[in-house]
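Q: Following this message is one structure expressed as C-alpha cells.
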Amino acid sequence: MWAIAREEGSLSLWKGIEPALLRQISYTSVSFVIYAPIRDLIAGQGVRKEDIPFHLRVLSGGCAGGISIILMNPTDVIKTRMQASRGQPSIVSLLKDVYRSEGALGFWRGWSPNVARCFVGNAAEIGCYDGFKNHIIKNNVFSDGPMAHFAASGGAGIVSAVFSTPVDVVKTRIMNQAGTADQSLPKYKGVVDAFLRISRHEGFGAFYKGFWPLAFRKVLWTGMPNAHNLTPSHTAPQVNLSLSTPRVVVYFMAYERALKAITGGYS
C-alpha cells in the first residue's frame with residue numbers, strides 16, 4: 001500500500017471507486033433481496049425460519065451471491081482494470097478498450113471465478129451470519145439485538161476471509177487480463193488453469209496473500225482501501241485492490257438497524 005502511494009500518489013489507492021461503489025450497491029442489494037426467498041424455497045414449505053438447517057442457509061447465501069454477481073460482472077471488470085492501470089483512466093475509456101479488444105463478452109471476463117468467489121463469500125457472510133444469529137438467539141446466548149448481530153457478523157467475517165481469499169486471488173488474476181496487451185501478465189485459460197498454475201509456480205501460500213488485511217477488513221474495518229496483496233501496478237499481477245465499503249460487522253449491524261426502522265423487525 002505504501003509503495004503504491006509513494007509511486008503513484010495517495011489517490012491511486014482509491015482507483016476504481018466509481019465502479020466499485022456501483023458494484024457494491026447493486027450486487028449487495030440484489031443479494032439481500034433474493035436471499036430470504038431462495039432460503040425459504042430451498043428449505044421447503046412449512047419449515048419455520050428458525051428451524052431451517054445451517055447448511056441450507058449457507059447454500060442459500062451462496063446462490064444469492066452467485067446470481068447477483070452474474071448481473072453485475074461488468075462493474076467488476078471495469079473496477080479491476082481501472083485499479084491495475086497506470087494513471088487515472090476514465091470509465092468510458094475502459095469500456096471502449098474492453099469492447100474494442102474482446103467485444104461485449106469481454107465484460108463477462110472472469111465471470112466463472114467471480115461467481116465462485118461470490119458464492120463462497122455470500123455463503124460465508126449472509127448464510128453464516130443468518131445461521132450464527134439463529135443459533136445465538138435460539139440458545140439464549142443473546143436476544144435478537146445488537147450483541148447477537150455483532151457476534152454473528154464477526155464469526156461470518158472470519159469464515160468469509162478463510163474461504164473466499166483463494167477464489168478472490170484467482171478471480172482478480174483472470175479479470176486483469178481483460179482489455180490489456182501487457183505480455184508480462186500470465187494468461188490463464190480459466191479457473192482450473194489459474195488454480196493449477198498459481199499453485200505450481202507460486203505455491204499454495206499465494207492464494208492467501210493479503211489474508212490478514214482482508215480478514216481485518218471483513219471482520220471490522222470500514223472505509224479504507226483493501227491492502228489485498230498491494231503491489232505497484234506495473235510490477236506484478238495484482239490480487240485485489242478493491243475499495244472497502246462497510247463490511248460484515250458494520251455491514252450487518254447497519255442492515256439490521258435499517259431493516260428494523262423500515263419494517264419494525266430484524267431479519
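The values are calculated or read from the model by the stated rules, or taken from the named source; none is laboratory data. Every value quoted in this text rests on a predicted model; they were computed, and no experiment measured them. Heads up, the Cβs are rebuilt from the backbone with ideal geometry, glycines too, and the neighbour counts pull from every protein chain shown. Only protein heavy atoms, including side chains, enter the accessible area calculation; ligands, DNA and RNA are left aside. Shrake-Rupley method; radii C 1.70, N 1.55, O 1.52, S 1.80 Å.
Q: Could you say which residue among Ser101, Ser164 is assigned to a helix (DSSP H, G or I), under 23 Å from Tyr27 (Cα atoms) and not acidic (Asp, Glu)?
A: From the options Ser101, Ser164, the qualifying one is Ser164.
Q: Right, next: If you go through segment 190-213 one residue at a time, do you hit one that is modelled with pLDDT under 80, open to solvent by 50 Å² or more (accessible area, probe 1.4 Å) and over 15 Å from the mean Cα position of the chain (by Cα)?
A: Yes; the residues of segment 190-213 include at least one that is modelled with pLDDT under 80, open to solvent by 50 Å² or more (accessible area, probe 1.4 Å) and over 15 Å from the mean Cα position of the chain (by Cα).
Q: Sticking with this structure for a sec: Restricting attention to segment 99-121, and to residues there that are open to solvent by 10 Å² or more (accessible area, probe 1.4 Å) and of a type in the set (S, T, N, Q), which single residue is nearest to Met175 (Cα to Cα)?
A: Ser112
Q: Does Asn122 fit the bill of being over 20 Å from Ile17 (Cα atoms) and either of a type in the set (Lys, Arg) or in contact with a helix residue (DSSP H, G or I) (Cβ under 6 Å, 6 or more places away or on another chain) (or both)?
A: yes
Q: Exactly one of (1) at pLDDT 65 or above; (2) open to solvent by 40 Å² or more (accessible area, probe 1.4 Å) is unmet by Trp221. Its number?
A: That leaves (1) as the condition not met.
Q: Here's something else I'd like to know. Hey, among Gly65, Gly87, which residue is outside any helix (DSSP H, G or I) and of a type in the set (Gly, Ala, Ser)?
A: Just one listed residue meets the conditions, Gly87.
Q: A further question on this structure: Can you tell me which residue is modelled with the lowest pLDDT among those in segment 1-56 that are β-branched (Val, Ile, Thr) and assigned to a loop (DSSP other than H, G, I, E, B)?
A: Going through the qualifying residues, I end up with Val47.
Q: Is it the case, given these coordinates, that Phe150 is among the aromatic types (Phe, Trp, Tyr), out of contact with any Asp or Glu (no Cβ under 6 Å at 6 or more places or on another chain), farther than 22 Å from Arg109 by Cβ and at pLDDT 85 or above?
A: Here the answer is yes, as Phe150 does meet what is asked.
Q: Would you call Arg81 surrounded by fewer than 17 Cβ atoms within 10 Å (Cβ to Cβ), part of a helix (DSSP H, G or I) and touching a Gly at 6+ places or on another chain (Cβ under 9 Å)?
A: For Arg81, the condition - surrounded by fewer than 17 Cβ atoms within 10 Å (Cβ to Cβ), part of a helix (DSSP H, G or I) and touching a Gly at 6+ places or on another chain (Cβ under 9 Å) - is not met.
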